[in-house]
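First up is the structure itself, then whatever we jot down about it.
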């Protein structure tokens, strides 16, 4: 019995977390909806680290065209959106199952150390940019620039990855 009560309490906390993250991106002209392109930001704000495929799967599960769903109320907005009523249960379930947990600090550091073959303790932005845009799940230029805005040391112009790994793991 206590287990059920604990589960429900945990679920309520997760639902509230999703709702609060959702409200940051909620559209003024479409209450209860966020642009589908903001779903990734919401997921990451909740401490998850989805792959592009996982994010695409979430989009497919929660996406609606609000013009066709509620035309009388939402004439102003066009395109794909995610309603809280669909997004919240999906994200709560993902968090309960712990499917998209972030990597820990040591794992992030080890990944950077693989790139830093000379063991300098930092990575040149050109090298990392090239790797991020051409290997594995490619980053867009916008994503790379966003990452670099937090990662690059303003004085040296390089990424000291020990500090950045700490930031990523604890963000």
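The values are calculated or read from the model by the stated rules, or taken from the named source; none is laboratory data. Please read all numbers here as calculations on a predicted model, not as lab measurements. Don't worry about glycine lacking a Cβ; one is built from the backbone with ideal geometry, like all the others, and counts go over all protein chains shown.
Checked against (1) in a helix (DSSP H, G or I); (2) touching a residue at least 40 places away in the same chain (Cβ under 8 Å); (3) within 21 Å of residue 50 (Cβ to Cβ), residue 99 meets all criteria but (1).
For the range 95-105, the criterion of being modelled with pLDDT of 90 or more, within 30 Å of residue 20 (Cβ to Cβ) and loosely packed, with under 12 Cβ neighbours inside 10 Å is met by none of the residues.
For the residues 142, 118, the requirement of being under 22 Å from residue 42 (Cα atoms) and either in a loop (DSSP other than H, G, I, E, B) or out of contact with any helix residue (DSSP H, G or I) (no Cβ under 9 Å at 6 or more places or on another chain) (or both) singles out 142.
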